[in-house]
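The values are calculated or read from the model by the stated rules, or taken from the named source; none is laboratory data. Since this is a predicted model, take the numbers as computed values, not measurements. As a convention, Cβ positions derive from the backbone with ideal geometry for all residues, glycine included, and neighbour counts pool all protein chains shown.
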Amino acid sequence: WYCNLNGVQEQDICIPDRRAQMCINNLVNVKSGNEKNDLKEQVLLSLNTESQLLFNKWKKHNSFNNEEFCNDLNRDYADFGNLIKGTDIVAHGNSKEVEDKLKQIFGENENAKSDREKWWNDNKEEFWNKLLSSVKGKGKEGNVEIKECTKDATLEEIPQFQRWVQEWGKEYGEERPKKLQNLEGICKEKNGLLNEN
């Protein structure tokens with residue numbers, strides 16, 4: 001998690017590493033002329049790359065968990081939606097460049113935000129399917145089997161900050177007991193309190 005970064009619209013917020021490292025570089029490269037069509041192609045390309053990177057991250061740790069992988073896909077999908085709709089609370093690095101490009105494409109007038117939201121809503125099913133299609137073909141790969149992943153229809157309606165707090169709480173709640181148990185073991189070992197039986 002990345003905390004207290006410059007350019008984040010909410011103070012004292014931590015950004016999930018998943019979001020901070022999200023593959024959005026292509027969105028800066030939208031060509032002039034037919035921007036909305038090219039934007040769609042770049043979003044599809046970014047989603048394809050992002051799902052591959054997530055898959056490789058989970059596979060690399062030899063702890064593939066289909067449910068958690070699916071949760072990450074859903075969270076990425078919702079974060080892409082925030083980015084496109086202009087409701088993303090991250091405004092540093094590539095996120096700032098992408099936002100500038102989206103303002104260039106959709107404008108900054110009073111209708112721009114609703115135009116962006118409409119564009120997202122018109123294309124979001126194709127975007128979700130792209131996110132899934134690049135990993136569905138993996139099937140069984142070593143000890144990894146990708147099962148069905150269902151889109152959480154309510155997730156993108158939850159404000160981004162609230163989603164991240166929920167994500168952090170889930171990760172913290174699962175990791176804390178493991179770290180405490182590990183720490184207890186280290187302390188007992190250093191103090192000679194381990195039972196040799």
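If the condition is being in a helix (DSSP H, G or I) and β-branched (Val, Ile, Thr), then the range 74-90 contributes only 84. Scanning the range 133-144 for residues that are touching a helix residue (DSSP H, G or I) at 6+ places or on another chain (Cβ under 7 Å) and either under 12 Å from residue 70 (Cα atoms) or at pLDDT 70 or above (or both) turns up 134, 135.
Entry remark, the range 91-112: residues being outside any helix (DSSP H, G or I), touching a residue at least 60 places away in the same chain (Cβ under 8 Å) and farther than 16 Å from residue 79 by Cα number 0 in total. When the residues of the range 148-170 are filtered to those that are of a type in the set (A, V, I, L, M) and either surrounded by 12 or more Cβ atoms within 10 Å (Cβ to Cβ) or within 16 Å of residue 84 (Cβ to Cβ) (or both), which remaining residue is modelled with the highest pLDDT? If we take residues in the range 148-170 being of a type in the set (A, V, I, L, M) and either surrounded by 12 or more Cβ atoms within 10 Å (Cβ to Cβ) or within 16 Å of residue 84 (Cβ to Cβ) (or both), then 158 is modelled with the highest pLDDT. A count restricted to the range 57-73 and to residues that are in contact (Cβ under 8 Å) with a residue 40 or more places away in the chain, part of a helix (DSSP H, G or I) and either in contact with a helix residue (DSSP H, G or I) (Cβ under 7 Å, 6 or more places away or on another chain) or exposed (fewer than 15 other Cβ atoms within 10 Å of the Cβ) (or both) stands at 5.
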